[in-house]
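The values are calculated or read from the model by the stated rules, or taken from the named source; none is laboratory data. None of these values were measured; they are calculated from a predicted model. A quick note on method: Cβ atoms are made from the backbone with ideal geometry, for glycine too, and the neighbour counts reach across all protein chains shown. For accessibility, only protein heavy atoms count, side chains too; no ligands or nucleic acids. Shrake-Rupley method; radii C 1.70, N 1.55, O 1.52, S 1.80 Å.
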Amino acid sequence: MNIRLVLFFLGRLLLLLGISMSFPLFWAFHYHGNDILPLMYSMAVTVGAGFLFSFLGSDEGELGRKEGFAVVAFGWLLASAFGALPYVFSGVLPTFTDAYFEAMSGFTTTGASVLTHIEGSPLGILFWRDFTHWLGGMGIILLSVAILPVLGVGGMQLVAAEVPGPVAEKLRPRIKETAKLLWIVYIVLSAAEVLLLYLGGMNPFESLCHMFGTMATGGFSTRNASIGAYHSVYVDVVIIIFMFIAGANFSLHYYALKGRLKVYKDAEFIFYAVFTAISVLFITVDLWYHHVYATIGQDLRYASFQAISIMTTTGYATADFGKWPYLSQFFLLFLMFVGGCAGSTGGAIKHIRIMILLKDGVRRLYRLIHPRAVMPIVLNKEVVSEEIVADIHSFFLLYMLVFVIATIYMSSLGLDTITAISSVAATLGNIGPGLARVGPAQNYAFVPMAGKWLLSVCMLLGRLEIYTVLVLLLPASWRKV
Amino acid sequence: MKILIVGAGEVGFNLAKVLSSEEHDVVVVDIDEEKISRVRERLDVMTVRGSGSRLGVLEKAGVGADVDMIIAVANSDETNIVSCMFGKKRGVPTTVARMRDLRYSDKDATFSHKELGIDFVVSPERVISEAIVELLALPSAIQVAYFFDGNLRMYGVNVREGHMLENMKLKDFGNMGWKGVFLVAVVVRDGKSFIPRGDDVILKGDKVFVLGKTADFDRFKKEVKSVMIVGSGKVGFRVARSLSMAGVPFVKVIDVDREKCQKVAMELHNVVVLNGDGTDLEFLIKEGVSEVDGFVTTTRNDEVNLLSAVLGKSAGAKKSIALVRKIDYMNLLPYLSIDSIVNPRVDVTSAILRFIRRRGFVNGVYLEGVDVQALELAVSQDAPIVGKNLSELKGSQDFIVGAIMRDKNVFIPKGDDCIWGNDRVIVFAPTSKVGKVEKLFVG
């Protein structure tokens with residue numbers, strides 16, 4: 001591996017990150033908060049480290065596959081480490097472990113928090129907390145490919161490592177242009193949401209912060225009671241719509257913004273929409289049956305918000321679903337594994353993989369009766385190659401394996417079964433709140449230090465879809481030959 | 001420019017590589033999953049999987065008036081024709097196709113290529129046969145290119161032990177007592193290419209590209225009297241035909257296929273056709289391989305061609321040339337006792353690139369395995385470079401001016417020469433700087 005080249009890119013990434021800290025700094029100045037200095041220190045340290053890395057590194061050589069994986073995995077680890085500085089310097093969080101957890105949770109758009117007194121924290125810090133969501137949502141690496149000059153085909157290796165979805169699609173012949181377009185679509189949709197929230201009566205600061213949390217399917221709020229604090233049907237509906245949009249493939253939004261609405265006939269999108277509708281209906285009926293809310297209208301309102309929030313891996317809440325009937329709770333736990341679409345800002349397993357796994361399952365059953373049947377898996381009139389099907393099987397296996405091992409580990413720290421299971425499911429899937437002691441009304445502050453580190457790793461594994469991180473554990477990634 | 005390339009084989013891949021590094025938007029179409037994923041992984045271009053002869057696939061690749069050019073280099077001529085026809089129908093201004101079958105590309109073909117919607121046809125067999133005939137005449141040449149309507153040539157030369165260029169300092173190159181002026185434009189050493197300066201020394205194992213007037217090269221030429229050709233396919237046949245038409249007295253063609261031998265024997269009367277195996281040393285010696293001036297292997301099998309060429313050379317042939325289609329095999333040249341390896345794919349790539357750069361662009365040669373390109377440009381009146389002294393040029397590390405043609409006079413410039421409007425020039429520049437150079441000379 002060309003380590004100096006990796007260092008060079010990491011340096012550039014840190015410079016970008018340092019510069020992005022000027023946004024929360026603006027708000028800190030605006031509100032005359034006591035977080036001005038902490039943010040300035042963080043910015044100075046991050047930019048300094050960026051220059052150091054650039055100085056130690058060199059841009060000579062070609063960025064290959066191995067380097068691509070390394071830049072992305074270490075890029076995310078470093079971004080979280082330096083992104084944790086504002087929490088540390090401002091004293092909002094007591095330890096570096098907590099700060100790292102919070103920053104990782106931000107960048108990976110998880111939204112699992114260890115911050116107990118959200119409403120008492122300085123506003124610049126809260127802005128940074130939500131801004132990390134937004135940066136991580138479309139991808140910090142994708143952003144750097146879009147705006148920094150990248151060597152040759154290196155940009156492609158980086159994007160392939162950060163956005164590993166099963167079927168890659170380029171919007172334009174050049175990866176740089178593609179990255180730019182995706183970020184533009186992201187920004188346009190974000191602007192639309194801020195405007196709608198603002199028109200609904202939210203102040204500009206909170207509109208921005210909640211937009212960051214929604215568009216990135218993150219879930220950090222500026223209120224202790226999350227979106228529930230607003231008691232507004234309008235806000236609920238706007239957030240529901242944008243969570244749904246953020247959970248769908250951004251390539252489709254690109255074509256739609258260019259006027260080609262037909263693209264929504266995409267197989268994965270239809271599956272996603274139908275799946276969402278069924279989930280909402282299912283939970284509504286369960287809530288109605290148990291008379292949880294006064295009217296069926298309220299059942300529908302809270303069921304749809306929670307179901308869509310969990311499935312798109314956002315993690316905002318308007319109700320404490322920890323107090324819901326067990327069936328609904330378990331169904332939400334199941335949704336944590338489903339996630340958004342490929343090419344969205346959502347995490348977890350993703351609809352396209354689930355579709356292909358289901359189709360393959362049915363096909364294998366059918367083959368028991370007709371062993372010679374030739375049944376290619378077809379999506380959008382194109383055959384999915386057997387190699388991709390095998391890749392998805394092994395992704396699913398690794399995902400479940402990581403889930404099981406991490407759950408055993410969390411249980412060993414003394415967490416009850418439901419908490420252990422849901423904390424891992426909610427971090428690995430980048431959702432945020434889980435069930436029981438990590439439910440929407442609680443947070444992760446009580447988790448032992450060892451548990452916080454493991455959950456941070458789970459968040460990274462989930463965001464980078466496992467392979468990019470695990471591949472660096474292979475000695476072959478580090479050898480020259 | 002937005003360029004659509006049909007076919008992701010060696011030619012398609014190399015074209016996509018060169019064009020995408022020159023900041024063009026490239027889309028590559030191929031039906032083969034393996035070929036297309038190689039392109040997807042290694043190049044920053046868009047890929048579409050599917051047959052280039054289907055309109056649906058081309059539409060997915062974005063065929064339309066905003067595409068500037070279609071380059072069809074798929075394996076099948078028919079696919080290439082059809083994709084060009086579709087392209088023209090959808091308003092693509094320029095179409096280029098590779099044609100293997102001479103029925104489509106020859107001058108007396110039933111359809112003219114214009115009728116098929118193709119603006120430019122490259123026939124690898126024709127291109128490569130011409131190159132082989134040219135190389136036979138100059139003993140140490142391994143590659144040849146023409147500039148200034150044939151008045152200037154560039155030869156690629158492999159510097160082996162004992163070659164007259166070995167250990168020569170470039171400064172001394174002018175005072176060797178040779179009539180005429182020559183210029184070493186590019187040196188390839190250990191897989192890296194560079195534009196040499198006066199203090200550089202040519203070493204054993206280098207591959208150098210020498211530029212000079214055609215007439216000046218003539219003295220190094222040897223008369224070719226006898227040539228033995230193994231393989232009587234399209235290339236072998238064409239080489240044999242042009243040699244015998246050029247008056248080479250002894251041309252022998254060898255092929256294992258009796259029927260093919262018969263066909264050649266019926267069409268070429270002055271050529272001796274032998275039915276036998278080109279890797280059978282005893283047979284080759286009996287037919288006088290040790291006495292021939294040239295030994296050319298042109299069967300459809302690369303490995304056979306390489307081995308047979310080694311055999312021929314070891315038996316005493318003065319110059320042996322092997323035809324290979326796999327580009328990677330060209331790297332074997334320094335390790336084999338063959339004089340030259342020719343590759344139709346390299347020449348086709350070169351011919352297509354030449355065609356693409358037409359704006360003020362006359363000619364260009366894509367040097368295989370070399371990151372430097374030779375460009376023949378027509379300098380426009382108002383180009384930024386006009387009137388400047390060559391020695392004072394900023395950024396001249398990036399390129400060198402190899403030769404100038406002014407009012408039919410060809411000369412190799414010195415530092416105090418300057419470039420005038422309407423000159424034709426040869427510029428050597430790294431691939432990534434081609435756009436910059438074009439701006440400087442053409443405006």
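Has segment A:31-52 got at least one residue that is assigned to a helix (DSSP H, G or I), closer than 19 Å to A:PRO204 by Cα and of a type outside the set (Lys, Arg)? Among the residues of segment A:31-52, not one is assigned to a helix (DSSP H, G or I), closer than 19 Å to A:PRO204 by Cα and of a type outside the set (Lys, Arg), which makes the answer no. Per the conditions (1) within 21 Å of the chain's Cα centre (by Cα); (2) modelled with pLDDT under 90; (3) of a type in the set (A, V, I, L, M), the sole criterion not satisfied by B:ALA61 is (1).
Name the residues in segment A:148-166 that are assigned to a loop (DSSP other than H, G, I, E, B) and either within 11 Å of another protein chain (Cβ to nearest Cβ) or modelled with pLDDT of 70 or more (or both), would you? Selection gives A:LEU148, A:PRO149, A:VAL150, A:LEU151, A:GLY152, A:VAL153, A:VAL163. Cβ-Cβ distances below 6 Å connect the following pairs, each with a first residue in segment B:205-223 that is hydroxyl-bearing (Ser, Thr, Tyr), a second residue that is surrounded by 14 or more Cβ atoms within 10 Å (Cβ to Cβ) and assigned to a loop (DSSP other than H, G, I, E, B), and a separation of six or more residues or different chains: B:THR214/B:ASN151. Applying the condition of being at pLDDT 80 or above and in a loop (DSSP other than H, G, I, E, B) to segment A:167-179 and asking which residue is nearest to the other protein chains (Cβ to nearest Cβ) yields A:PRO173.
The residue that is farthest from the chain's Cα centre (by Cα), among those in segment A:346-388 that are surrounded by 14 or more Cβ atoms within 10 Å (Cβ to Cβ) and part of a loop (DSSP other than H, G, I, E, B), is A:SER385. Only one entry in B:ILE70, B:ILE5 is touching a residue at least 60 places away in the same chain (Cβ under 8 Å), more than 21 Å from A:GLY154 (Cα to Cα), within 13 Å of another protein chain (Cβ to nearest Cβ) and in contact with a Gly (Cβ under 6 Å, 6 or more places away or on another chain), namely B:ILE5.
Taking only segment A:308-331 into account, find how many residues are assigned to a helix (DSSP H, G or I) and within 24 Å of A:ILE356 (Cβ to Cβ).
4
Okay, residues lined up against (1) surrounded by 20 or more Cβ atoms within 10 Å (Cβ to Cβ); (2) within 25 Å of B:ASP347 (Cβ to Cβ); (3) acidic (Asp, Glu):
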{"residue": "B:GLY9", "(1), (2), (3)": "no, yes, no"}
{"residue": "B:ALA16", "(1), (2), (3)": "yes, yes, no"}
{"residue": "B:THR47", "(1), (2), (3)": "yes, no, no"}
{"residue": "B:VAL57", "(1), (2), (3)": "yes, no, no"}
{"residue": "B:LYS60", "(1), (2), (3)": "no, no, no"}
{"residue": "B:VAL63", "(1), (2), (3)": "yes, no, no"}
{"residue": "B:ILE70", "(1), (2), (3)": "yes, yes, no"}
{"residue": "B:VAL73", "(1), (2), (3)": "yes, yes, no"}
{"residue": "B:PHE86", "(1), (2), (3)": "yes, no, no"}
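Does B:TYR146 satisfy being assigned to a strand (DSSP E or B) and open to solvent by 30 Å² or more (accessible area, probe 1.4 Å)? Yes. B:LEU170 satisfies every condition listed in (1) touching a Pro at 6+ places or on another chain (Cβ under 8 Å); (2) without any contact (Cβ under 8 Å) to a residue 24 or more places away in the chain except (2).
Within segment A:406-415, if we keep just the residues that are modelled with pLDDT of 95 or more and not aliphatic (A, V, I, L, M), the residue that is surrounded by the most Cβ atoms within 10 Å (Cβ to Cβ) turns out to be A:THR407.
Could you say whether any residue in segment A:180-200 is within 14 Å of another protein chain (Cβ to nearest Cβ) and more than 29 Å from A:GLY120 (Cβ to Cβ)? Spell out the reasoning first.
Start the filter on segment A:180-200 by keeping residues that are within 14 Å of another protein chain (Cβ to nearest Cβ), which leaves A:180-181.
In the following step, the residues that additionally are more than 29 Å from A:GLY120 (Cβ to Cβ) were identified as A:180-181.
Yes, the conditions are met somewhere in segment A:180-200.
Among the candidates B:PRO249, B:PRO196, the residue that is buried (at least 18 other Cβ atoms within 10 Å of the Cβ) and either over 23 Å from B:VAL342 (Cβ atoms) or at pLDDT 90 or above (or both) is uniquely B:PRO196.
Consider A:THR132 carefully, then state whether it is open to solvent by less than 30 Å² (accessible area, probe 1.4 Å), among the β-branched types (Val, Ile, Thr) and either outside any helix (DSSP H, G or I) or within 14 Å of another protein chain (Cβ to nearest Cβ) (or both). No, not satisfied.
Considering segment B:26-44, the residues that are at pLDDT 90 or above and within 10 Å of chain A (Cβ to nearest Cβ) include one that is farthest from the chain's Cα centre (by Cα), namely B:VAL27. Counted as qualifying within segment A:416-481 are the helices (runs of 4 or more DSSP H) with 3 or more residues that are open to solvent by less than 10 Å² (accessible area, probe 1.4 Å) and within 23 Å of A:TYR316 (Cα to Cα), namely A:417-428, A:449-463.
Where residues in segment A:53-96 are hydroxyl-bearing (Ser, Thr, Tyr) and either at pLDDT below 95 or farther than 24 Å from A:VAL163 by Cα (or both), which of them is most open to solvent (accessible area, probe 1.4 Å)? It would help to see each step written out before you state the result.
From segment A:53-96, those hydroxyl-bearing (Ser, Thr, Tyr) are A:54, A:58, A:80, A:87, A:90, A:95; that's our starting set.
Still in the running and either at pLDDT below 95 or farther than 24 Å from A:VAL163 by Cα (or both): A:54, A:58, A:87, A:90, A:95.
Numbers: A:SER54: 23, A:SER58: 28, A:TYR87: 2, A:SER90: 36, A:THR95: 51 Å².
Among them, the one singled out is A:THR95.
The residues on offer are B:VAL437, B:VAL427, B:VAL386, and the sole one that is over 24 Å from B:ALA145 (Cβ atoms), in contact with a Phe, Trp or Tyr (Cβ under 7 Å, 6 or more places away or on another chain) and not charged (D, E, K, R) is B:VAL386. Total residues in segment A:223-236 satisfying the condition of being open to solvent by less than 50 Å² (accessible area, probe 1.4 Å), over 18 Å from the mean Cα position of the chain (by Cα) and in contact (Cβ under 8 Å) with a residue 60 or more places away in the chain: the figure is 3. Somewhere in segment A:95-103, is a residue more than 30 Å from A:LEU181 (Cα to Cα) and assigned to a loop (DSSP other than H, G, I, E, B)? Yes: segment A:95-103 contains one or more residues that are more than 30 Å from A:LEU181 (Cα to Cα) and assigned to a loop (DSSP other than H, G, I, E, B).
The set of residues from segment A:168-222 being surrounded by fewer than 18 Cβ atoms within 10 Å (Cβ to Cβ) and at positive phi comprises just one member, A:GLY201. Only residues that are open to solvent by 10 Å² or more (accessible area, probe 1.4 Å) and of a type in the set (Phe, Trp, Tyr) were counted across segment A:97-111, and they come to 1.
Look at segment A:24-35 and say how many of its residues are surrounded by fewer than 17 Cβ atoms within 10 Å (Cβ to Cβ) and closer than 23 Å to A:ALA99 by Cβ.
Taking segment A:24-35 and keeping what is surrounded by fewer than 17 Cβ atoms within 10 Å (Cβ to Cβ), we get A:26, A:29-32, A:34.
Among the residues that remain, those that are also closer than 23 Å to A:ALA99 by Cβ are: A:26, A:29, A:31, A:34.
Of the residues in segment A:24-35, 4 are surrounded by fewer than 17 Cβ atoms within 10 Å (Cβ to Cβ) and closer than 23 Å to A:ALA99 by Cβ.
Here B:SER21 clears all of (1) open to solvent by 20 Å² or more (accessible area, probe 1.4 Å); (2) farther than 19 Å from A:THR178 by Cα; (3) facing chain A (nearest Cβ under 10 Å); (4) of a type in the set (Gly, Ala, Ser) except the condition numbered (2).
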